[in-house]
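The next block holds one structure in the form of structure tokens; read it before the comments.
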Amino acid sequence: MANRTWCFALLTSITFFVFYLLSKTIAHDSSAFALLSAVTLLAALYHYVSANKKQPQRQRIGLALEDK
Amino acid sequence: MIDAVVAFFILGVVCQLSGAKLAFPDGLYQSLSLFLMIAIGLKGGMALQQHVAANLITLSLAVLAFGVLLPLLAFPLLRYFGQFDPINAGAIAAHYGSVSVATYAVAVSVLEANNISYEAYFPLFVVLLEMPAIVVGIVLAKGRWSGINGHFIRQELLANQSVLVMLGSLAIGYFAGPSVVKLTPFFIELFSGVLALFLLKMGMTAAKQFGQIKQNSLFLLCFAMLMPLVGGSLGTGLGLLLSFSAGGIALMAILGASASYIAVPAAMKQSLPQANSGISITASLAISFPFNVLVSVPFFITLGQYLAH
């Protein structure tokens, strides 16, 4: 689930970036899309890092992997 | 510069977050939402009387198809990325396929403040878009047509408060002729003031829901902002395809972007009682509504103007 969540956050970030470019093209204030794109990208990265950090820890202590 | 009416929404959020005790009776909230629905319907009926479109049936069918498409797009996203069970995914998809009258009212107010014209029949489209998503959401959730019987159609679709009030007001505005002018000082001229009051309350309600964004929070946050952009882009495409004016393209986009939090929750409570209504209301009211009012509405209005010229 964590994998899919960061993937979706990344997809959302890319969409915001596309809308940021579109806003610039149509001369609309694009700051909201730029900010949202950056924030969701950071959230996606945070989720990716924490998801990949948890797996080796669980392996070390001998727990079965649960990709929930 | 932010629209004065929209600024009241932010004031409502600030009041709630700062802990200010702003007494706002529930009855007043219901009355304001009733006022907005009647005003939108009457305005549409009066305008429709002056400009009847010959191809209104074709346009209405296209809008109905749009209402079917939106939950069909939302459902797989909720199932695959959000990993929601079919019941909750169907219920949330229904919210995002339906429309928010308040978001529509904000868009109309911004369009009128900027003297941007739009097609007269949009209130009819608002009514039409309320219904298909409810049926599609239930079918997706249950995986079959059971539950969509005559009683359900009568009770949840035709006797639905917003559908009945808006459709009735539209008919009164259309058939009452010149006598409807008597109602305009109350319903038309006070529209922006009443909308400001309504948005003040909506800001408080949305801020109250912020604390509920816990379960599946990152996915829900992303979905509730991504879906309005997807729906809005498709609405823009449909508006262009149907050769609407700049205001019409913007309104079609905003109808696609908005998510219901009044009509659909009531229908879902009856048809899908197992669904967690907290998730769908939090997504549509606490995330999508503020996002639409502050970001989508100004963006799609500019995009509509850009594409129409």
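The values are calculated or read from the model by the stated rules, or taken from the named source; none is laboratory data. Note that the structure is predicted; figures quoted are calculated from it, not measured. Because the Cβ atoms are built from the backbone with ideal geometry, glycine has one as well, and the counts that use them run over all protein chains shown. Quick note on the areas: whole protein, heavy atoms, side chains included, nothing else; ligands and nucleic acids left out. Shrake-Rupley method; radii C 1.70, N 1.55, O 1.52, S 1.80 Å.
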Set the Förster distance to 30 Å, then compute FRET efficiency between A:N3 and B:L240 from the Cβ-Cβ distance, nearest 0.05.
0.20
Suppose R0 equals 45 Å. What FRET efficiency, 1/(1 + (r/R0)^6) with r the Cβ-Cβ distance, do A:S50 and B:N114 give to the nearest 0.05?
0.50
Assign one of three labels to chain B, namely rounded, prolate or oblate, based on the Cα gyration tensor with a ≥ b ≥ c the square roots of its eigenvalues; rounded applies when a/c is under 1.5, prolate when it is not and a/b is larger than b/c, and oblate otherwise.
rounded
Give me the 1.4 Å probe accessible area per residue for region B:191-269, excluding ligands and nucleic acids, in Å².
29 Å²
Roughly speaking, what is the stretch gain from B:H51 to B:I10, that is 0.36 nm per residue apart minus the C-alpha to C-alpha distance, in nm to one decimal?
11.1 nm
Counting only protein heavy atoms, what percent of the accessible surface of the protein assembly as shown is carbon or sulfur at a 1.4 Å probe?
66 percent
Give me the number: length gained by fully extending B:V68 to B:S18, i.e. 0.36 nm times residue separation minus the C-alpha to C-alpha distance, one decimal in nm.
13.9 nm
Quick shape check on region B:1-154: root eigenvalues a ≥ b ≥ c of the Cα gyration tensor, a/c under 1.5 is rounded, otherwise prolate if a/b tops b/c, else oblate, and it reads oblate
Counting only protein heavy atoms, probe 1.4 Å: which residues of region A:21-41 lose 10 Å² or more of accessible surface in the full assembly compared with their chain by itself?
A:L22, A:T25, A:I26, A:H28, A:A32, A:F33, A:L36, A:T40
Extend 7 Å from the Cα of B:T58 along its Cα-to-C-beta direction; within region B:112-138, residues with backbone N under 19 Å of that point are B:119-122, B:125
Report the local net charge at B:Q16: Lys and Arg +1, Asp and Glu -1, summed over other residues whose C-beta lies under 13 Å from its C-beta.
+3
Per the helix-only calculation at 222 nm, which mean residue ellipticity applies to the protein assembly as shown, given -39500 (n - 2.57) for every DSSP H run of n ≥ 4 and division by its residues, nearest 500 deg cm²/dmol?
-23000 deg cm²/dmol
With a probe of 1.4 Å, find how much accessible area region B:12-143 has per residue, and write the answer as a whole number in Å².
37 Å²
May I ask you to list the trypsin sites (Lys or Arg not before Pro) in region B:177-286 that are in a DSSP loop and have at most 11 other Cβ atoms within 10 Å of their Cβ?
B:K214
Nearest-20 debye value, chain B charge dipole, Cβ charges on Lys, Arg, Asp, Glu:
540 debye
Express the relative contact order of chain B as a whole percentage, based on alpha carbon pairs under 8 Å and six or more residues apart in sequence.
31 percent
Starting from the 7 Å offset along Cα-to-Cβ, what nm value, one decimal, do you get for the label separation of B:T184 and B:H309?
2.9 nm
Alpha-carbon spread of the protein assembly as shown, three principal axes, descending order, Å:
80, 49, 47
Computed on protein heavy atoms with a 1.4 Å probe, what is the summed buried accessible area for the chain pair B and A, in Å² to the nearest 100?
2100 Å²
Where does the Debye-calculated log10 I(q)/I(0) of region B:193-309 sit at q = 0.11 Å⁻¹, using only Cα point scatterers of equal weight, no solvent?
-0.41
Lysine pairs with alpha-carbon atoms under 28 Å apart, the protein assembly as shown, spacing 8 or more or separate chains:
17
